[in-house]
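Everything below concerns the one structure shown next.
Derivation of every value follows stated rules applied to the coordinates shown; laboratory data play no part. Note that this is a predicted model, so its numbers are computed, not measured. Methodologically, a virtual Cβ is constructed for each residue, glycine included, from the backbone with ideal geometry; neighbour enumeration extends over all protein chains shown.
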Amino acid sequence: MEAFRMVMETGSVTQAGKLLYISQPAVSRLIADLEEHVNFQLFDRRKKRLIPTVEAKLLYDEVEKAFIGLSSIEDTAQSILELKRGHLRLIAMPGIAILLLPQVIKDFSQQYPDITIELESRTRLQVMEWISSHQYDLGFANLPLEGSDVELHSSFPMEMVCVVSKTHSLATRCTITASDLKDEIFISYPRGTHIRFAVDQAFENSIINRQIKVETRSSEEILNLVSTGFGIAVVPRFANKSLGSEKLSFIPLIPPVMMQLGVFLQVNKTCQLHQSASLNPSAIT
């Protein structure tokens, strides 16, 4: 346990060995023995550096307490392994953070009440950057994957639907085709976004030329504009969970327009908390 403590404090097996007056291989062997004992990985090993896992940080907090006993440390290790304790840092694109993740977090917290969660919303590029720089544990963003320091944990289909106000002539339709939207005013995500690209492709072979009057990155702003009766939009299906959605009709497109939502983590990241099925947003996308 002392070897683990020294490695956590120095960030180096070599320095830990010097402080403990033992060899570097001996420190590595002690860390490996501890990992086998607690049954989870303590460090990510990359480019001759040791990066503590989330579990290692939790265990270190217990080790540092002055009067803690070995049995309590073992209980902590088991609690981490069984997803009974911990802190999970999530970062997502704004629409996903505002409209999709609240229900996901609620379901997860009901299953694991002693795990605390931090949620941040940022642009897609920032999601990738902040995951790769170890600032957050899990990222939620549209595919495709970008960046060599992040990897795809899981992905889920995300259906795009047409949204109109309840007073619109199309509000009672069961499905909508591109030709139904001729002469309609569109509220759209801006050029350069993956959602805009997917929608542009869907309408590329249609006979209509969309009249895009307003562009915004915010799904909430799009929905608020549509709810006034000014224009229609194509948005992710989970947008029907927004506040004020009772003023709107969400109608499937024919043929369907699909995207992929990805859950990302750091390359070679090891964290038991990431494996929970309760963080699976597929049921509500």
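Pair-distance distribution P(r) for segment 79-214, from all Cα-Cα distances in 10 Å bins starting at 0: 10, 31, 29, 19, 10, 2 percent.
Its convex hull of Cα atoms gives segment 159-257 a direction-averaged projected area, equal to a quarter of the hull surface, of 5.5 nm². Other residues lying with their Cβ under 14 Å from the Cβ of Asn209 contribute a combined charge of -1, Lys and Arg counting +1, Asp and Glu -1. Report the local net charge at Asp200: Lys and Arg +1, Asp and Glu -1, summed over other residues whose C-beta lies under 9 Å from its C-beta. Residues near Asp200 contribute +2 overall.
Test of understanding: express the Cα radius of gyration of the chain as a ratio to 2.2 N^0.38 Å, with N the residue count.
In units of the globular-protein estimate, the chain measures up at 1.28.
When only Cα pairs below 8 angstrom with a gap of at least 6 residues are kept, segment 159-257 shows a relative contact order of 53 percent. Within the listed set Ala198, Ala233, Ala26, the Gaussian network model of the chain (springs between alpha-carbon atoms below 10 Å) gives the highest mean-square fluctuation for Ala26.
Of the DSSP beta bridges with both residues in the chain, give the percent that are antiparallel, rounding to the nearest 5.
Roughly 65 percent of the DSSP beta bridges within the chain come out antiparallel.
Pairs of lysines in the chain whose Cα atoms sit within less than 20 Å of one another amount to 15, provided the residues are eight or more positions apart or on different chains.
Anyone know which of Leu88, Leu248, Leu19 comes out most mobile in the 10 Å Cα GNM of the chain? Largest GNM mean-square fluctuation: Leu19.
How much net charge surrounds Leu119 when only other residues with a Cβ under 13 Å from its Cβ are counted (Lys, Arg +1; Asp, Glu -1)?
It works out to a net charge of 0.
A Gaussian network model of the chain, with springs between Cα atoms under 10 Å, assigns the largest mean-square fluctuation among Ser12, Ser132, Ser155 to Ser12.
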